[in-house]
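Remarks on the structure that follows.
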Amino acid sequence: MGRRLVPLTLDNLPDLPRSCRRCVYWELDPVTGAAAVNNGRPELEKESWISAVLLEWGSCGRLVYVDDVPAGFVLYAPAAYVPRSIAFPTSPVSGDAVQLMTSRVVPGYQGQGLGRVLVQTVAKDLVRRGFKAIEAFGDAAWEAPACVLPADHLTAVGFKTVRPHHRYPRLRLELRSALSWREDVEMAIDRLLGAVQKEPALRPL
C-alpha cells in the first residue's frame, strides 16, 4: 500500500471531500460565512482563502493519498488567518502557535493511523518555520464528523488541554516533544529491523 503526503495547493484542492471543499467555517467569520453559503459561492471563498494564505504565509494544508487515492487532509494556519477562532470561549490561540483548523480521514481509510501521520507532518513543517506549538479547539461533545475536531482525537494524537471548557477546550501540542517522540519510535523500529536482518548471519551454517 503506497502512502504519499503532499502540500495542499489550488491544483489539488478538488481532492478534498466535497463537503469540506465547500466549507468555510474556519476561513470566514460567522456572518460572512453564512452570506457565502446563502449566495452559493462557498467554494470560491475557500479557494480565495487558500490562495491568499499561500501567497502571504505559505503552505497551510496537507493531503494524504493511499495508492494515489485521496484519503485525508489537514488544514492549519496562524490564528490571524482564521476569523472563526475568536468566536470560541477558550480563544485566543497562543502567539507562538499555529492553529490546527480541521482534519479528516475519509471512510475506508480510518483506523490506519493516518490522522496521527497528518499531525506529525504538520509538526515537522512548523518546526522548520520556527513555531513552537500547534493549538486546536476541540469538541468535548463530538458525535459526528464536523469542522471542530473531537477533543478525544486531539488528546489521542498528543495534544494537552491548556484551557479547559465543558464543550470547547483549547488544546496544545508542543512541536519538539511531538517530533522527538516520533524520532524515538523510528529509531526503535530501525534497531529492531536491524536486529532482525542481522540475525540469520549469526546462526551457524
Give me the residue from the stretch 103-112 that is over 24 Å from PRO169 (Cβ atoms) and either of a type in the set (Gly, Ala, Ser) or touching a helix residue (DSSP H, G or I) at 6+ places or on another chain (Cβ under 7 Å) (or both) and, out of that set, least open to solvent (accessible area, probe 1.4 Å).
GLY108
Pair list, Cβ < 9 Å and 6+ apart or interchain, from the stretch 112-137 residues that are part of a helix (DSSP H, G or I) to residues that are polar (S, T, N, Q):
GLY115/SER103; LEU118/SER103; VAL119/SER103; VAL122/SER103; ASP125/SER59
Out of all the residues in the stretch 117-132, is one or more open to solvent by 40 Å² or more (accessible area, probe 1.4 Å) and touching a Pro at 6+ places or on another chain (Cβ under 8 Å)?
no
Considering residues of the stretch 140-193 that are small (Gly, Ala, Ser) and modelled with pLDDT under 65 only, the residue nearest to ASP96 (Cα to Cα):
SER180
Residue satisfying all of: in the stretch 40-82; among the small types (Gly, Ala, Ser) and either in a loop (DSSP other than H, G, I, E, B) or touching a Cys at 6+ places or on another chain (Cβ under 8 Å) (or both); farthest from ASP11 (Cα to Cα) among these
GLY40
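The values are calculated or read from the model by the stated rules, or taken from the named source; none is laboratory data. Here the structure is a predicted model, which means the values were calculated and not measured. With ideal geometry, Cβ positions are generated from the backbone for all residues, glycine too; neighbour counts draw on all protein chains shown. Note: areas computed on protein heavy atoms with side chains; ligands, DNA, RNA excluded. Shrake-Rupley method; radii C 1.70, N 1.55, O 1.52, S 1.80 Å.
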